[in-house]
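Written below as structure tokens is the structure these notes are about.
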Amino acid sequence: MQTIVPKITRLTIDSREVARMMSKSHSHLLRDLEIFSNYLGESKIGFSDFWQKSSYKTEQNKILKCYLITKKGCEFLAHKMTGKKGVIFTATYINKFHE
């Protein structure tokens with residue numbers, strides 16, 4: 001599958017990979033990001049420092065939604081997680097950004 005990348009100047013991780021790192025379905029992560037984006041928008045806080053809408057093409061040539069998530073966005077998501085899953089996700093995204 002090919003990600004269709006909008007112009008972005010900082011390092012990001014595709015939301016499909018973030019969902020795997022979080023042990024969460026991609027559809028649930030997309031739902032959460034939409035909710036968080038609405039909350040931030042209502043508070044006049046832009047979400048583009050955290051994530052940016054993007055898309056990817058499937059093997060069947062369908063265009064589907066995804067997000068490009070920044071390190072700041074991963075930190076935001078990590079703060080929503082607790083326990084073992086939170087620790088594992090935090091360590092995984094930090095390692096990914098250091099690659």
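The values are calculated or read from the model by the stated rules, or taken from the named source; none is laboratory data. Note that the structure is a prediction, hence the values are computed from the model and not measured. Neighbour counts are summed over all protein chains in view; Cβ atoms, including those assigned to glycine, are modelled from backbone coordinates with ideal geometry.
Of all residues in the range 37-59, none are within 17 Å of S23 (Cβ to Cβ) and either surrounded by 11 or more Cβ atoms within 10 Å (Cβ to Cβ) or touching a His at 6+ places or on another chain (Cβ under 8 Å) (or both). The helices (runs of 4 or more DSSP H) found wholly in the chain include none carrying at least 3 residues that are in contact (Cβ under 8 Å) with a residue 40 or more places away in the chain and at positive phi. With respect to (1) buried (at least 18 other Cβ atoms within 10 Å of the Cβ); (2) at pLDDT below 90; (3) not hydroxyl-bearing (S, T, Y), the lone exception for I4 is condition (1).
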